[in-house]
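To start, the structure itself, in structure tokens.
The values are calculated or read from the model by the stated rules, or taken from the named source; none is laboratory data. Being a predicted model, the structure only gives us computed values, none of them experimental. Note that we place each Cβ from the backbone using ideal geometry, even for glycine, and neighbour counts take in every protein chain shown. Side chains included, ligands, DNA and RNA excluded: accessible areas come from the protein's heavy atoms. Shrake-Rupley method; radii C 1.70, N 1.55, O 1.52, S 1.80 Å.
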Amino acid sequence: MQHRGHESTDGTDGGELAVPMAWLYAEYIADELLRTGDLMPPTSFEFRAGRDALALTVFLSDTDGELSGIRVISQLENWLSLTAYDQPWRDWVRERMAELTERAERSGTRSPDLALAAEAWRWLEETELLAPDLDAVPGGGGPAGEDDGPKVWTPAWRLGLPLGHLAIHLF
């Protein structure tokens with residue numbers, strides 16, 4: 001997203017710093033949704049997974065490149081449907097990232113927003129978090145406490161996506 005009044009924000013005219021405003025705004029929205037939901041401590045890896053998954057959803061669903069504060073409320077239903085359990089969110093992210101990367105390559109511009117989105121996606125895919133095993137057999141002989149149940153290593157996006165979805169729902 002280019003700042004109005006400037007021909008370029010990619011640093012090619014006069015050595016100006018490229019500011020990734022679209023990504024930072026998407027991350028801010030995701031952060032606020034998660035904090036409002038009060039689902040986990042903001043310093044936890046789970047919070048980061050939820051924030052990054054939501055930020056990717058917000059950033060990649062902005063097809064016009066002009067995410068505005070007024071449109072946030074009107075986009076909640078769209079984000080809710082994109083993050084729903086039965087949706088192929090991971091495939092959608094890959095397709096949108098590939099589209100945006102191809103578009104940037106064709107135009108010959110470097111997008112700091114896309115670079116940060118790619119870094120978030122890389123972290124979500126490559127990082128695994130220890131989480132409750134939601135596929136465990138109910139009453140399988142383990143203690144009934146939340147922290148004492150069976151746990152499995154889960155890709156961060158698999159944990160962050162439902163947290164983000166719940167945060168949107170609670171908003």
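So here's what we get for this one:
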{"quantity": "Residue in region 87-107 that is out of contact with any Ser or Thr (no Cβ under 9 Å at 6 or more places or on another chain), at pLDDT 90 or above and assigned to a loop (DSSP other than H, G, I, E, B) present", "calculated": "yes"}
{"quantity": "Single unsatisfied condition, SER107 versus (1) surrounded by 14 or more Cβ atoms within 10 Å (Cβ to Cβ); (2) closer than 20 Å to MET21 by Cβ; (3) over 12 Å from the mean Cα position of the chain (by Cα)", "calculated": "(1)"}
{"quantity": "Residue list for region 6-59, restricted to those being part of a loop (DSSP other than H, G, I, E, B) and modelled with pLDDT of 90 or more", "calculated": "PRO41, PRO42, THR43, SER44"}
{"quantity": "Flag for ALA136 being part of a loop (DSSP other than H, G, I, E, B), open to solvent by less than 60 Å² (accessible area, probe 1.4 Å) and modelled with pLDDT under 85", "calculated": "yes"}
{"quantity": "Condition broken by ALA117, with the remaining ones in (1) surrounded by 20 or more Cβ atoms within 10 Å (Cβ to Cβ); (2) closer than 19 Å to PHE171 by Cβ satisfied", "calculated": "(2)"}
